[in-house]
Structure formats: C-alpha cells, structure tokens
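Worksheet: one structure, shown below.
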C-alpha cells in the first residue's frame, strides 16, 4: 500500500443550510453544585462549529464561523459515525440558537451623557 493511501484523511463538508458541530462535554452538576440525575436531559446544548457549508458561509444572514461556540437545539441533529466517542453532529443552521461572542466594545455604562 502506498504512503498516499495510508495518509489520506477523510473530511466532512456539510451541504445546504447545515453546519457540523462537536458537542461539548455534558455537565453532571449545576454551577451551584447540584448533581443532575443521569436521565436529566436538556433540549439545548453547547458545541463548537467544526465545518460550515459553503451556502451558509456565503450568506450574511448567518454570522457563523468555524470554531464559534454555539448554543444548539440537538433534536434534528444527525450523528456522524466518524469517531469513537461520537460527538460530531450535522445540524440545520436553524437549530443554531445563539453564538457566544466576547464583548470587545468595553463597558459603555461608564459613559456620561452631556
């Protein structure tokens, strides 16, 4: 077998209005320290965008970029059997509920109106 065949990598590129996400680790306790039961399921979870379809990338209505941390509704997610721990999902872009952004503008509450 040649080295080119051994070294080939398989990539996943979403098509249509979809993104590929890697879900974050599930939390087993709240910030206050309350332990959650194993059957406690929340319909929304956080994830990182791994890949974006060219259609979503070209559309200014979807301000998403690779590696963005997002809040997603996973009910329509399609699991990708690409890795053993199976944290990859392809989801419709409509299921991206929010994008986490850092506030680079600073604190505007200290400004004084004249």
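Taken together, the values in this text are just the output of simple stated rules run on the coordinates, not laboratory data. Nothing here was measured: the structure is a model prediction, and the numbers come from that model. Note: ideal-geometry Cβ built from the backbone for every residue, glycine included; neighbour counts use all protein chains shown.
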Computed from the beta carbon distance with a Förster radius of 22 Å, FRET efficiency for residue 64 and residue 25 to the nearest 0.05 stands at 0.55
Rank these for me by crowding, 66, 87, going from fewest to most other beta carbons within 10 Å.
66, 87
